[in-house]
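Presented below is the structure to which this report refers.
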Amino acid sequence: MAHRWKNPLTAADVTPKAAYLNRRQILAGTVGLGAIGLAGPAAAANMEPNTLEEITSYNNYYEFGTGKEDPARNAGALVTSPWSIKVDGMVDNPGDYALADLLGGLTVEDRIYRFRCVEAWSMVIPWNGIELADILAKVGVQSGARYVAFETVVQPENMVGVRRRVLDFPYVEGLRLDEAMHPLTIMATGIYGQPIANQNGAPIRLVVPWKYGFKSIKSIVRITLTDKQPPTSWNKANAREYGFYSNVNPQVDHPRWSQATERRIGGGLFAARQDTAMFNGYPEVASLYAGMDLRENY
């Protein structure tokens, strides 16, 4: 059931494709700031989408190197076709699904989301994707499932970072089932109406806009439904700095830097930092964490 997240944008609101590559031509009024559906003071400001060039040239994808330019330089070697995703665990219809079969019959939606990295920089990205809830409904979630685990592809011959063992690969991530089923959570297959670039997580990646970017795992090849909290790569690497939840929270600093403000990519060398919004400006997810200590459950 698509369109759980009510976005009043229509085809008439879409910026012409020719303007996508020229950031200065995309005016706040053109994309309809009030219509994007983002809430909160920080979300309401600076909602001009980043250019495709910025989005595809400034990335974290450690399988292709640790520098921000490394993924764009090295990810061309990633083999994305054919592509299949193993769906297993507590599901009614487990199996190895060709990507087209898994997504067949489901609705691709346009979502303009704020993206906030744990390193305290941010972008605004116009994604194209399918609500994860629709994919999970298609495979059938069993009643005892409580979490969704994800795994990234490993192609050692094509991924220089895997050969260097920057992390313990394959990269793995996870969400609570209610987080995965929230209407804001999507599986993205495109940006600006184009197939998602390799360095951004082709051919399909998770996008959870109220969490730090590393939660939005790229190039997914496995989805597992489980009743146990799954391990996550950065938590395994350094549990003190990277918790399971990793919700954007200006009141909980990273041990080595403040999260109270962020640097907007594309804002220029002398652009002022902007305040970080709780849950990255998506207050509609707050009920998911009612009664939780968000400093303890960081």
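The values are calculated or read from the model by the stated rules, or taken from the named source; none is laboratory data. All values derive from a computational prediction rather than experimental measurement. For neighbour counting, all protein chains shown are included, and Cβ atoms are generated from backbone atoms with ideal geometry for every residue, glycine included. Note: accessible area is taken over every heavy atom of the protein model, side chains too, but ligands, DNA and RNA are not part of it. Shrake-Rupley method; radii C 1.70, N 1.55, O 1.52, S 1.80 Å.
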Quiz item: Is there any pair linking a residue in the range 195-211 that is touching a residue at least 40 places away in the same chain (Cβ under 8 Å) and of a type in the set (Gly, Ala, Ser) to one that is buried (at least 23 other Cβ atoms within 10 Å of the Cβ) and not in a strand (DSSP E or B), with Cβ under 7 Å and at least six apart or on different chains, and which?
Solution: GLY201/LYS218; GLY201/SER219; ALA202/ILE196; ALA202/SER219
Self-check item: Residues (of a type in the set (S, T, N, Q), in a loop (DSSP other than H, G, I, E, B), more than 18 Å from the chain's Cα centre (by Cα) and under 22 Å from PRO170 (Cβ atoms)) located in the range 46-83
Solution: THR66, THR80, SER81
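If you check VAL118 against the conditions, is it at pLDDT 95 or above, touching a strand residue (DSSP E or B) at 6+ places or on another chain (Cβ under 7 Å), surrounded by 20 or more Cβ atoms within 10 Å (Cβ to Cβ) and not charged (D, E, K, R)? Outline the logic, then answer.
Values: at pLDDT 95 or above: yes; touching a strand residue (DSSP E or B) at 6+ places or on another chain (Cβ under 7 Å): yes; surrounded by 20 or more Cβ atoms within 10 Å (Cβ to Cβ): no; not charged (D, E, K, R): yes.
Judged against the criteria, VAL118 is not a match.
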Self-check item: Filter result for the condition that a residue is touching a Gly at 6+ places or on another chain (Cβ under 6 Å) and either open to solvent by less than 30 Å² (accessible area, probe 1.4 Å) or at pLDDT 95 or above (or both), over ILE186, ILE112, ILE125, ILE130
Solution: ILE186
Quiz item: Is it true that some residue in the range 73-84 is within 28 Å of TRP5 (Cα to Cα) and open to solvent by 70 Å² or more (accessible area, probe 1.4 Å)?
Solution: no
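Scan the range 145-153 and tell me whether some residue there is more than 18 Å from the chain's Cα centre (by Cα) and free of Cβ contacts under 8 Å to residues at least 24 places away in the same chain.
no
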Self-check item: Residues satisfying the stated conditions in the range 250-298, i.e. over 27 Å from ARG176 (Cα atoms), part of a loop (DSSP other than H, G, I, E, B) and in contact with a helix residue (DSSP H, G or I) (Cβ under 7 Å, 6 or more places away or on another chain)
Solution: ILE265, GLY266
Quiz item: Out of the residues in the range 232-242 that are farther than 15 Å from GLU119 by Cβ and assigned to a loop (DSSP other than H, G, I, E, B), which is most open to solvent (accessible area, probe 1.4 Å)?
Solution: ARG240
Quiz item: VAL166 is checked against (1) farther than 16 Å from PRO209 by Cα; (2) open to solvent by 30 Å² or more (accessible area, probe 1.4 Å); (3) modelled with pLDDT of 95 or more; (4) not charged (D, E, K, R) and fails just one. What number does that condition carry?
Solution: (3)
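Tell me which residues, restricted to the range 266-281, are surrounded by 12 or more Cβ atoms within 10 Å (Cβ to Cβ) and closer than 18 Å to ASN50 by Cβ. Talk me through it step by step, then tell me what you get.
First, the residues of the range 266-281 that are surrounded by 12 or more Cβ atoms within 10 Å (Cβ to Cβ): 266-267, 271, 273-281.
Result: GLY266, GLY267, ALA271, ARG273, GLN274, THR276, ALA277, ASN280, GLY281.
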Practice problem: Report whether or not VAL141 is in contact with a strand residue (DSSP E or B) (Cβ under 8 Å, 6 or more places away or on another chain), of a type in the set (A, V, I, L, M), touching a residue at least 60 places away in the same chain (Cβ under 8 Å) and open to solvent by 10 Å² or more (accessible area, probe 1.4 Å). | Solution: yes
Practice problem: Could you grab me the full set of residues in the range 208-231 that are open to solvent by 10 Å² or more (accessible area, probe 1.4 Å) and part of a loop (DSSP other than H, G, I, E, B)? | Solution: TYR212, LYS218, ASP227, LYS228, GLN229, PRO230, PRO231
Quiz item: Taking only pairs six or more apart or across chains, which ones have beta-carbon atoms under 9 Å, a first residue in the range 100-128 that is without any contact (Cβ under 8 Å) to a residue 40 or more places away in the chain, and a second residue that is hydroxyl-bearing (Ser, Thr, Tyr) and open to solvent by 40 Å² or more (accessible area, probe 1.4 Å)?
Solution: ASP101/SER84; LEU102/SER84
Exercise. Taking GLU179 as meeting all but one of (1) in a loop (DSSP other than H, G, I, E, B); (2) closer than 23 Å to VAL252 by Cα, write down the number of the exception.
Key: (1)
Quiz item: Does TYR245 fit the bill of being open to solvent by 40 Å² or more (accessible area, probe 1.4 Å) and not acidic (Asp, Glu)?
Solution: no
